[in-house]
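Encoded as structure tokens, the structure appears first; notes follow it.
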Amino acid sequence: MDEYLPLRDVVFKTLRQAILKGELEPGERLMEIQLAERLGVSRTPIREAIRKLELEGLVLMIPRKGAEVARISESNLRDVLEVRRSLEELAIDLACQRMTGEELEALRITEDAFAQAIKEGDAMKIAQLDEQYHESIYSSTKNQKLVQILNNLREQMYRYRLEYIKDGDKHQILVVEHEQILKALRLRHVQEAKMAIREHIDNQEITILKNLKEQESLRGKGV
């Protein structure tokens, strides 16, 4: 825990990260007493954190039941990826024009580490390196306002990134997509790079929506 933050902010940040990383799963009950014991705090900052998480849409308050982690909704997924798609197309356009040779090499090294993480099958490591790969592209735009906006969206995207990575059948596709993006950046082919990043995000949306529908079907059958 960050000793420089007020306790309520530390608790909020801790619970928020646990939800975004999937440590607290969609539909899981948030029991104040258990969470307080787990974090070594009183129930008051837990209650305050849950209220803030509800405002962010990460927690739902169910009448006569209490708080639970919000499930990923189709509408929210589409909203987030719609914004991400437009911003990343702008980022890739600027990166094609401004990325230096050193930055291209750093991106290649990240891509190699990502491919190795895929082989090892470590979901958290895969997600972190995927995030690092995209952040390298963002920083190469040299546009601090764009980087700031994308970073503000990053934590919301992280939840979907992890959900996508859970599908092992898509791992090799991810590697190929990263390679295509890197190739287009090397060649400074703006349209090819934009097409590659668009396909990358479209595939994420298709896969997560498919998984959501399967989960809803299983819940409907009481599984």
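The values are calculated or read from the model by the stated rules, or taken from the named source; none is laboratory data. Owing to the predicted nature of the structure, the values given are computational and were not obtained by experimental measurement. We place every Cβ from the backbone using ideal geometry, glycine too, and count neighbours over all the protein chains shown. Keep in mind that these areas ignore ligands, DNA and RNA; they rest on the heavy atoms of the full protein, side chains included. Shrake-Rupley method; radii C 1.70, N 1.55, O 1.52, S 1.80 Å.
The table for this structure:
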{"quantity": "When residues of the stretch 78-103 are limited to those that are among the basic types (Lys, Arg) and surrounded by 14 or more Cβ atoms within 10 Å (Cβ to Cβ), the one farthest from residue 35 (Cα to Cα)", "calculated": "85"}
{"quantity": "Only one of 88, 111 that is in contact with a His (Cβ under 6 Å, 6 or more places away or on another chain) and within 30 Å of residue 141 (Cβ to Cβ)", "calculated": "111"}
{"quantity": "Answer residue from the stretch 140-155, given it is among the polar types (S, T, N, Q) and assigned to a helix (DSSP H, G or I) and is most open to solvent (accessible area, probe 1.4 Å) among those", "calculated": "144"}
{"quantity": "From the options 33, 92, residue that is within 21 Å of the chain's Cα centre (by Cα) and over 23 Å from residue 212 (Cα atoms)", "calculated": "92"}
{"quantity": "Hits in the stretch 52-77 (condition: exposed (fewer than 13 other Cβ atoms within 10 Å of the Cβ) and assigned to a helix (DSSP H, G or I))", "calculated": "55, 75"}
{"quantity": "Filter result (among the acidic types (Asp, Glu) and modelled with pLDDT of 90 or more) within the stretch 130-187", "calculated": "130, 131, 135, 177, 179"}
{"quantity": "Complete set of residues in the stretch 156-175 that are part of a helix (DSSP H, G or I), in contact (Cβ under 8 Å) with a residue 12 or more places away in the chain and either open to solvent by 50 Å² or more (accessible area, probe 1.4 Å) or of a type in the set (Val, Ile, Thr) (or both)", "calculated": "156, 165, 170, 172, 173, 175"}
{"quantity": "Which numbered condition residue 198 fails, given (1) modelled with pLDDT of 85 or more; (2) crowded, with 16+ Cβ neighbours inside 10 Å", "calculated": "(2)"}
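Listed here are the residues, each with its yes/no results for (1) more than 19 Å from residue 161 (Cβ to Cβ); (2) in contact (Cβ under 8 Å) with a residue 60 or more places away in the chain.
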residue: 6; (1), (2): yes, no
residue: 14; (1), (2): yes, no
residue: 20; (1), (2): no, yes
residue: 26; (1), (2): no, no
residue: 29; (1), (2): yes, no
residue: 36; (1), (2): yes, no
residue: 41; (1), (2): yes, no
